[in-house]
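The values are calculated or read from the model by the stated rules, or taken from the named source; none is laboratory data. Keep in mind that what you see is a predicted model, and the values were worked out from it rather than measured. Note that each Cβ is placed from the backbone with ideal geometry, even for glycine, and that neighbours are counted across all protein chains shown.
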Amino acid sequence: MNKRISVHPRICHGQACIQGTRIPVHQIIRMFAQGDSIEALQIAYPSITREDILACLEYAANLAEDPLAPLDEVLIAS
């Protein structure tokens, strides 16, 4: 999906990580959602770049964009 994001079954239990690290994408997204700035994320993880963080956001956006089930099926199941 993105050359900065990797998924490998033997690294972090197959979770999406920043390429060349064991930093999971979900950790970056969670910290960003809780109000951390890009600069704060880079201080917390000095090995990552601004582009790595933006790639995490793009990865999450792509996942959110994928339909999981038609809306009618979701409403019926509720």
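List of remarks:
- Applying the set (1) loosely packed, with under 14 Cβ neighbours inside 10 Å; (2) at pLDDT below 95 to residue 37 leaves exactly one unmet item: (2).
- Meets criteria (under 11 Å from the mean Cα position of the chain (by Cα) and within 23 Å of residue 66 (Cα to Cα)) for residue 9: no
- Count of residues meeting criterion [part of a helix (DSSP H, G or I) and closer than 13 Å to residue 6 by Cα] in segment 19-57: 5
- Criterion (surrounded by 11 or more Cβ atoms within 10 Å (Cβ to Cβ) and aliphatic (A, V, I, L, M)) met by exactly one of 43, 29: 29
- Tabulated pairs, segment 1-17, first surrounded by 14 or more Cβ atoms within 10 Å (Cβ to Cβ), second in a strand (DSSP E or B) and β-branched (Val, Ile, Thr), C-beta under 8 angstrom, 6+ apart or interchain: 4/18; 5/18; 6/18; 16/5; 17/5
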